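Just so it is clear, none of the values below were taken in a lab; they were calculated from the coordinates. Given the structure is predicted, the values throughout are model-derived calculations rather than measurements. No Cβ is skipped: glycine too gets one built from the backbone with ideal geometry, and neighbour counts run over all protein chains shown.
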Amino acid sequence: MKLISDDFENNSMIPEECTCEGKNVSPHIKWLDAPENTKSFALIVEDPDAPLITWVHWILYNIPSNVNEIKKGSIPQGAKQGKNSFRVKEYRGPCPPFGIHRYFFRLYALDTESIEVRNKRDFYKQVKKHSIKEAVIVGRYRKSTNI
């Protein structure tokens, strides 16, 4: 399984439009070669370079198995969102306090149609139980106002 985006290449800069300095819309994400026995997908976006903790920007789960992309600024019909580190159930884009940070978009193919997720802990507990395959794409961002 492979992740790609129309908005950024792996290890390249995420466009400002998808950050706190822009419209704060989620970037386009598409996946290829999902396992045939996939019943749903789950996505988490994390910043491991945040101070003190790995900061969660987005949790999206129960993405139907017939979906193979998330269009910019949208969520697929039937998908649900979990609480991120901002304590909201929505995408919040990169907004690093200093330097260039990395943002890991991790997509999991799951062997179940539905999981229940409130937060990051629930997400990884369910993914550990049901994951068939994982794909990752990494974006980077540096605010224009930081050093």
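Counting only residues that are closer than 21 Å to residue 142 by Cβ and either surrounded by fewer than 17 Cβ atoms within 10 Å (Cβ to Cβ) or small (Gly, Ala, Ser) (or both), the range 50-71 holds 5 of them. Restricting to the range 101-123, and then to whatever is hydroxyl-bearing (Ser, Thr, Tyr) and either crowded, with 20+ Cβ neighbours inside 10 Å or without any contact (Cβ under 8 Å) to a residue 40 or more places away in the chain (or both), can you tell me which residue is nearest to residue 79 (Cα to Cα)? Only one residue tops the list, namely 108. Within the range 62-110, restricting attention to residues that are in a loop (DSSP other than H, G, I, E, B) and hydrophobic (A, V, I, L, M, F, W, C), the residue that is farthest from residue 18 (Cα to Cα) is 67.
Could we say that residue 12 is over 22 Å from residue 128 (Cα atoms) and small (Gly, Ala, Ser) here? For residue 12, the condition - over 22 Å from residue 128 (Cα atoms) and small (Gly, Ala, Ser) - is met.
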